[in-house]
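Chemist: Below: one structure in structure tokens.
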Amino acid sequence: MSAIQPLAASDTLGEAAPVPRTYGLVAHRRHRTAHSSAHTCALAHWAHASEPAVRALQLRIAAVGGAADALERLGLLQTLPAPHRLPYGHEGGLMKLVSRVAGGIRPEDELAGVVYLMDPLDPSSLYPEAQALKRQCVTHRKPLLLTVAAAIEWMAVEWANAGGPALRGDTAGSIRPLAQQALALIAHDSMKARMVEFADQHFEVLSRTPVRYATGTTGRKLNELAWARGWPAETPWVHPFRSGPMGGDAQIAELVLDRRCQKVIFFEDVHVARQHEADIQLLERAVCSVGDEAACLHTFDMADAWAKAWR
């Protein structure tokens with residue numbers, strides 16, 4: 001990759017011409033290693049399943065070195081648009097993604113989101129740049145897709161909301177029908193009102209899921225909303241667990257690991273210190289442990305787009 005050049009005096013810092021959106025791509029070794037065919041790793045699965053959406057949306061790909069190598073090695077350069085290659089992770093590739101989520105140095109470098117196929121057993125998942133990537137994605141309200149299930153469904157969500165095929169699930173199993181997606185609804189204190197707003201706006205869609213879980217006060221507020229909307233008073237709309245600091249995130253994580261919860265909608269406040277940060281990471285890593293079917297939506301914007309696509 002060529003070095004970034006300083007802005008020249010003639011460069012315009014005002015409105016830039018529209019450019020196609022770019023997604024960052026990074027995959028831990030486990031998710032980009034195929035033993036017998038291109039379909040045996042998560043990266044290849046995502047590439048094949050999402051090719052129609054990626055091409056219809058005219059998305060560009062900026063791939064960190066290892067992922068770029070894998071796309072070539074697995075014969076996926078005919079499946080996805082030719083990626084813009086970033087350095088390997090140990091050379092700063094993931095750090096560059098963090099900068100570009102925040103806008104980058106040049107307008108054309110900005111990322112619309114990141115596909116980060118994470119292996120929770122890979123030590124690099126705990127590196128500061130990995131934590132910073134999530135924080136900047138949440139801060140700038142951009143999708144961070146940590147599992148192959150999340151990445152496949154999200155591309156279909158974007159395509160559906162752009163006028164493409166309606167999202168109804170598929171018989172091949174790449175996207176689970178809504179009736180087979182149990183939800184967990186979690187929100188930090190400053191985000192609880194937004195969670196109630198989200199649930200109110202998309203109550204019918206969320207009610208089509210087979211079961212809903214929530215933690216602490218969020219669960220109480222959501223049940224109060226449901227009962228006010230006419231949900232049977234003797235039936236909880238969400239099954240409540242403990243608050244996050246008291247172990248609720250860990251309880252949801254067990255449901256995820258047991259494949260009894262496929263979607264975690266977690267409105268995080270990344271601007272305050274969290275006394276239960278370890279529990280939050282535990283839940284996220286549980287989702288990544290069953291990434292063939294589980295996904296996490298980190299912001300109101302992501303959850304709103306997801307729910308609209310399932311209408």
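The values are calculated or read from the model by the stated rules, or taken from the named source; none is laboratory data. This is a predicted model, so every value here is computed, not measured. Virtual Cβ from ideal backbone geometry, glycine too; neighbours counted across all protein chains shown.
Chemist: Step by step: first the residues of region 294-311, then only those that are modelled with pLDDT of 95 or more and in a loop (DSSP other than H, G, I, E, B), then the one that is farthest from the chain's Cα centre (by Cα). Which residue is that?
Modeler: Trp310
Chemist: Quick one: would you say Arg285 is outside any strand (DSSP E or B) and touching a helix residue (DSSP H, G or I) at 6+ places or on another chain (Cβ under 8 Å)?
Modeler: So Arg285 fits the description; yes.
Chemist: Further question on the same structure: Which residue, of Ala102, Ala82, is within 28 Å of Leu282 (Cβ to Cβ), without any contact (Cβ under 8 Å) to a residue 60 or more places away in the chain and aliphatic (A, V, I, L, M)?
Modeler: Ala102
Chemist: Another question, if that's okay. Considering region 135-167 alone, what residues qualify as being farther than 18 Å from Cys41 by Cα, in contact with a helix residue (DSSP H, G or I) (Cβ under 8 Å, 6 or more places away or on another chain) and not hydrophobic (A, V, I, L, M, F, W, C)?
Modeler: Gln136, His140, Arg141, Lys142, Pro143, Glu158, Asn161, Gly164, Pro165
Chemist: Then there's this: Kindly indicate which of Arg260, Arg212, Arg242 is surrounded by fewer than 16 Cβ atoms within 10 Å (Cβ to Cβ), under 21 Å from Cys288 (Cα atoms), of a type in the set (D, E, K, R) and modelled with pLDDT of 95 or more.
Modeler: Arg260
Chemist: Just checking, does region 46-62 include any residue being crowded, with 21+ Cβ neighbours inside 10 Å and assigned to a loop (DSSP other than H, G, I, E, B)?
Modeler: No, that holds for no residue.
Chemist: Does Asp200 satisfy being in contact with a helix residue (DSSP H, G or I) (Cβ under 7 Å, 6 or more places away or on another chain) and either over 18 Å from Leu283 (Cα atoms) or in contact (Cβ under 8 Å) with a residue 60 or more places away in the chain (or both)?
Modeler: Considered against the rule, which asks whether it is in contact with a helix residue (DSSP H, G or I) (Cβ under 7 Å, 6 or more places away or on another chain) and either over 18 Å from Leu283 (Cα atoms) or in contact (Cβ under 8 Å) with a residue 60 or more places away in the chain (or both), Asp200 comes out as yes.
Chemist: From (1) assigned to a loop (DSSP other than H, G, I, E, B); (2) closer than 19 Å to Ile152 by Cα, pick out the condition that doesn't hold for Pro87.
Modeler: (2)
Chemist: OK, next. Scan region 176-196 residue by residue and report those that are out of contact with any Phe, Trp or Tyr (no Cβ under 6 Å at 6 or more places or on another chain), within 23 Å of Met155 (Cα to Cα) and in contact (Cβ under 8 Å) with a residue 24 or more places away in the chain.
Modeler: Arg176, Ala179, Gln180, Gln181, Ala182, Leu183, Leu185
Chemist: Does Val115 meet the test of being in a strand (DSSP E or B), touching a residue at least 60 places away in the same chain (Cβ under 8 Å) and crowded, with 20+ Cβ neighbours inside 10 Å?
Modeler: yes
Chemist: Looking at Leu97, is it in contact (Cβ under 8 Å) with a residue 40 or more places away in the chain, surrounded by 17 or more Cβ atoms within 10 Å (Cβ to Cβ) and among the aliphatic types (A, V, I, L, M)?
Modeler: Considered against the rule, which asks whether it is in contact (Cβ under 8 Å) with a residue 40 or more places away in the chain, surrounded by 17 or more Cβ atoms within 10 Å (Cβ to Cβ) and among the aliphatic types (A, V, I, L, M), Leu97 comes out as yes.
Chemist: Would you say Phe266 is under 20 Å from Ser190 (Cα atoms), surrounded by fewer than 23 Cβ atoms within 10 Å (Cβ to Cβ) and among the aromatic types (Phe, Trp, Tyr)?
Modeler: Judged against the criteria, Phe266 is not a match.
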